[in-house]
Amino acid sequence: MSDEQQIIDDYVERAGRHLTGPARERAQAELVEHLSDAAEAGELAEALSRLGTPEEAAAAFAELSPTPPARMDVRFVAVLIDNLPLVGVTIALLVQGLTRTVGQGVGFSLAFPPFVYVKVGGVCVSTAPQGCGIDAYDAAGLLYSLGVPLALTWSIVGLGLLEAWTGTTPGKRAMKLRVVTEAGLRIHPVAGIVRRLSLLLGPFAWLDWAPVVWGDRRRVLDRLVETKVVAAAPAGETR
């Protein structure tokens, strides 16, 4: 392999790290063709200079910036699929609460997502004001103390890292969606996790979706970390 070919391969591979889905294959193929033509003309250095960094080249070839955010109804279905473990734990807490109500004649409170709180000795730390006063969670035992943290870890960390590595999640893949930066590039793992932290607020997490009320297709945290969920183009289709 010639030195120029090695330079082209390295550059294209680094540019591809910033892309996901069909856009990655398309951009890499176009970059290889463009740089190979420049190398044959003895202008490889000039071509690389014009393209800039691999990330800048990826943004130029991705051509995803004009893609509008996906419809909210489709996103809601994807969210439901992605958070099935959290939904399952909440339903289990509901069943347990109803059983306790029938058997002991006591009421209970429940929310989705569940309130998150930690008790250390006589001190309770909660992400929501009323989180520390819910007896139903105390009575749930491992279902709450283990089930909720595991489900939230999947919903926040697991799905966030999947989005950063692949651009999609099981729910988004089913609904033909993917998440990208505003420039259409692969998101950073930190951004993937941060855009899901609202789940720690219990039912107040729905405030993150408040923009949908006035027709905005991006959540509050989407705007904070500069990401958007878009419809995934079928393989071979350009935008």
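The values are calculated or read from the model by the stated rules, or taken from the named source; none is laboratory data. All values reported here derive from a predicted model rather than from experimental measurement. Every residue, glycine among them, receives a Cβ derived from its backbone with ideal geometry; neighbour counts consider all protein chains shown. Side chains are part of the model used for accessible areas, which takes the heavy atoms of the whole protein and leaves out ligands, DNA and RNA. Shrake-Rupley method; radii C 1.70, N 1.55, O 1.52, S 1.80 Å.
Worth a mention:
- Within segment 155-190, considering residues that are in contact with a Leu (Cβ under 9 Å, 6 or more places away or on another chain) and aliphatic (A, V, I, L, M), the one nearest to residue 84 (Cα to Cα): 156
- Taken over segment 1-47, the criterion of being in contact with a Ser or Thr (Cβ under 8 Å, 6 or more places away or on another chain) and either touching a residue at least 60 places away in the same chain (Cβ under 8 Å) or within 26 Å of residue 232 (Cα to Cα) (or both) is satisfied by 20, 21, 26.
- In the condition set (1) open to solvent by 20 Å² or more (accessible area, probe 1.4 Å); (2) outside any helix (DSSP H, G or I); (3) out of contact with any strand residue (DSSP E or B) (no Cβ under 8 Å at 6 or more places or on another chain), residue 149 is compliant with all but (2).
- Flag for residue 70 being within 17 Å of residue 198 (Cα to Cα), touching a strand residue (DSSP E or B) at 6+ places or on another chain (Cβ under 8 Å) and at pLDDT 85 or above: no
- Total residues in segment 158-191, condition of a type outside the set (Ser, Thr, Tyr) and farther than 15 Å from residue 231 by Cβ: 18
- Count of residues meeting criterion [more than 16 Å from residue 201 (Cα to Cα), among the aliphatic types (A, V, I, L, M) and either modelled with pLDDT of 70 or more or in contact with a Phe, Trp or Tyr (Cβ under 9 Å, 6 or more places away or on another chain) (or both)] in segment 103-142: 6
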